[in-house]
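Visitor: Pasting in a structure now, in structure tokens, and then I'll have a few things to ask.
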Amino acid sequence: QVQLVESGGGLVQAGGSLNLSCVASGIIFARNAMAWHRQAPNKQRELIAHITSADKTTYIDSVKGRFIISRDNAKNTVYLQMNGLKPEDTAVYYCNAPSTATRFGFWGQGTQVTVSS
């Protein structure tokens, strides 16, 4: 079975930082691209960061220069370091493992990030 478990969310003041973690099991982690998505209330879920098995990263413009996605294959873990947080970053953040075995890959349960002004 595939399982993704996020952690590290919470309440932080604007300008602060958080580091999210996602531990994966049931996949060949080192060969799998990984991604972070987020969903704010009444908004569509959006892809915000992606990392390939070769460690190539991509970001949406709104988080470039502030967020960093990374991975530790020895720990089957993908991270999202979030710096310079803004209130508009408030959302539920989801870990995603793309897979050809399913339509949308596999998802974690989400972790809430709330940024106060």
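The values are calculated or read from the model by the stated rules, or taken from the named source; none is laboratory data. Everything numeric in this text was worked out from a predicted model, so none of it was measured. All Cβ positions, glycine included, derive from the backbone under ideal geometry; neighbour counts span all protein chains shown. Just the protein is used for accessible areas: all its heavy atoms, side chains included, with ligands, DNA and RNA removed. Shrake-Rupley method; radii C 1.70, N 1.55, O 1.52, S 1.80 Å.
Visitor: Let me cross-check Glu88: its accessible surface, 1.4 Å probe, with only protein heavy atoms counted, in Å² to the nearest 10?
Guide: 120 Å²
Visitor: For the range 46-117, state which chymotrypsin sites (Phe, Trp or Tyr not before Pro) are in a DSSP loop and have at most 11 other beta carbons lying within 10 Å of their beta carbon.
Guide: Values: sites: Tyr59, Phe67, Tyr79, Tyr93, Tyr94, Phe104, Phe106, Trp107; in loops: Phe104.
In loop regions of the range 46-117 (DSSP not H, G, I, E or B), the sparsely surrounded chymotrypsin sites (Phe, Trp or Tyr not before Pro) are Phe104.
Visitor: Equivalent-ellipsoid semi-axes (√(5λ), Cα gyration tensor) for the range 18-117, whole Å, largest first?
Guide: Rounded to whole Å, the semi-axes are 22, 15, 12.
Visitor: What accessible area per residue, rounded to a whole number of Å², is obtained for the chain using a probe radius of 1.4 Å? Could the numbers behind the result be given before it?
Guide: Details: 6400 Å² over 117 residues.
On a per-residue basis, 55 Å².
Visitor: Using a basic spin-label model with each label point 7 Å from the Cα along Cα→Cβ, how many nm lie between Thr52 and Lys64?
Guide: 1.8 nm
Visitor: Starting from the 7 Å offset along Cα-to-Cβ, what nm value, one decimal, do you get for the label separation of Gln81 and Ala101?
Guide: In this crude label model, Gln81 to Ala101 measures out at 3.1 nm.
Visitor: Also, I was wondering about something else. Express the carbon and sulfur contribution to the solvent-accessible surface of the range 18-117 as a percent, rounded to the nearest whole number, probe 1.4 angstrom.
Guide: On the way: 2730 of 5360 Å².
Solvent-exposed carbon and sulfur of the range 18-117 make up 51 percent of the total.
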